[in-house]
Amino acid sequence: MEYFKVETISPSIKSITDLTTVRSFLIEGEKAAVLVDTGTGVGHLAEFVKAITAKPLTVLCTHAHPDHMGAVEEFGEVYLNEEDFEMAMTRCGMDRRREYAGFILGEKADLDSLYFVPERTRGYQKLSPDMEFDLGGVTVKALAFPGHTQGMMVILIKEERSVILGDACNRRVFLFSEESSTVAEYRKACYEFQAAYGDLFDTLYMSHGPLTLDYSLIQNMIDTCDDILAGKDDRIEIDFMGERAYLAKKEVSPGTREDGKIGNIAYALHKL
């Protein structure tokens, strides 16, 4: 069983895709390494990473959802924004991870034949906004981008002028869960993020779907929020793993807008 695939995507970054198609990112400097997220926790991720690098490793989690924190038990020092600490305990357990794996792999998948990393029994280090990690010639900086969750963080690789957006901003941002911001709050977060950090990066890396998306993504999200708040969106009802939401823009396929623009929002009517 091939649980992971690795791809070198820049001089210091490798993309690691797990069996459920979720990406983690391994960033290496001259003296240390950082792993951004740990996927759904299907397969021995720590062993796979150790075969790639022997450098001292720190794990940074972008947010506390089961498809991003699944393998954290295999690692010692794991950083997470404290706004998501409680969710890490209540939303990332084995049942949630198996449910997600089943959703992605399909009803015919034999989940019992797969190895799932046990649940984490240790705590987390606080990942604070603007915290930096010096890897030796490569500097990684955590930036706050609340919306999908309140503790949502993105990771800037300063020297390469790239940013790992995770689920903060992608082809389909989910704002319908209890932990999500309202559409108005998310619009504010997008605007403030772009104003504060938009001139620090050129490349946007994604955890799901295409590896990269165009720089216009964040502005498109602001415009989409404006349409939702003005009642000018398409408001298409969808279901995601039993949760009902409304998709702002029509799509020709999941994540691909009919109008050709990049970025969509799935939201709840009570969270405008």
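The values are calculated or read from the model by the stated rules, or taken from the named source; none is laboratory data. For clarity, every value in this text was computed on a predicted model and none was experimentally measured. With ideal geometry, Cβ positions are generated from the backbone for all residues, glycine too; neighbour counts draw on all protein chains shown. Accessible surface is based on the protein model in full, side chains and every heavy atom, while ligands, DNA and RNA are left aside. Shrake-Rupley method; radii C 1.70, N 1.55, O 1.52, S 1.80 Å.
Among bridges DSSP assigns within the chain, what percent are antiparallel (round to 5)?
Numbers: 37 of 53 bridges.
Approximately 70 percent, going by the DSSP bridge assignments.
Please report how far the C-alpha centroid of region 1-78 lies from that of region 218-256, rounded to the nearest whole angstrom.
Measuring centre to centre over Cα atoms gives 30 Å.
Say a paramagnetic label sat at a point 7 Å from the Cα of residue 269, along Cα to Cβ; which residues of region 218-238 have their backbone N under 17 Å from it?
So the set is 228-238.
Residue separation times 0.36 nm, minus the C-alpha to C-alpha distance between residue 244 and residue 261: what's the value?
Numbers: separation 17, 0.36 × 17 = 6.12 nm, distance 2.39 nm.
Fully extending the segment from residue 244 to residue 261 adds 3.7 nm.
For a test of the definition: using alpha carbon positions, the gyration tensor, and the 1.5 limit on a/c, classify region 50-141 as rounded, prolate or oblate.
The shape class here is prolate.
Among all lysine pairs in region 93-191 that are eight or more places apart or on different chains, how many have alpha carbons less than 29 angstrom apart?
Step by step, the pairs that qualify in region 93-191 add up to 6.
With an 8 Å Cα cut-off and a minimum separation of 6 or more residues, compute the relative contact order for the chain in percent.
Reported as a whole number, the value is 14 percent.
Pop out the carbon and sulfur fraction of the accessible area of region 222-261 as a percent, whole number, probe 1.4 Å.
43 percent
Please give the length that would be gained between residue 200 and residue 131 if that part of the chain were fully extended, namely 0.36 nm times their separation in residues minus their C-alpha to C-alpha distance (nm, one decimal).
Extending this stretch completely gives an extra 23.3 nm.
Between residue 30 and residue 188, what FRET efficiency follows from the Cβ-Cβ distance if R0 is 35 Å, with the result rounded to 0.05?
0.35
When the accessible area of region 89-153 is split by element with a 1.4 Å probe, what percent falls to carbon and sulfur?
48 percent
Starting from the Cα gyration tensor of the chain, take the square roots of the eigenvalues, sort them a ≥ b ≥ c, and report rounded, prolate or oblate (rounded when a/c is under 1.5, otherwise prolate if a/b is larger than b/c, else oblate).
In terms of gyration-tensor shape, oblate.
Per residue, how much accessible surface does the chain expose to a 1.4 Å probe? Answer in Å², no decimals.
Using a 1.4 Å probe on heavy atoms only, each residue of the chain averages 44 Å².
Note down the net charge around residue 251, summing +1 for each Lys or Arg and -1 for each Asp or Glu among other residues with Cβ under 12 Å from its Cβ.
Around residue 251, the charge tally is +3.
At a Förster distance of 35 Å, what's the computed FRET efficiency of residue 232 paired with residue 208, Cβ-Cβ distance as r, to 0.05?
With a Förster radius of 35 Å, E is 0.85.
So for region 169-272: antiparallel DSSP bridges make up what percent, rounded to the nearest 5? Could the numbers behind the result be given before it?
Numbers: 11 of 15 bridges.
Roughly 75 percent of the DSSP beta bridges within region 169-272 come out antiparallel.
Once a ≥ b ≥ c are taken as the square roots of the eigenvalues of the Cα gyration tensor of region 45-102, is the result rounded (a/c under 1.5), prolate (a/b larger than b/c) or oblate (a/b not larger than b/c)? Please list the in-between numbers first.
Values: a/c = 2.89, a/b = 1.41, b/c = 2.06.
Note, shape of region 45-102 comes out oblate.
Could you size up the charge dipole of the chain around its Cα centre, putting +1 on the beta carbon of Lys and Arg and -1 on that of Asp and Glu, and report it in debye to the nearest 20?
Details: 29 positive and 45 negative charges, 34 e Å.
Dipole magnitude for the chain comes out near 160 debye.
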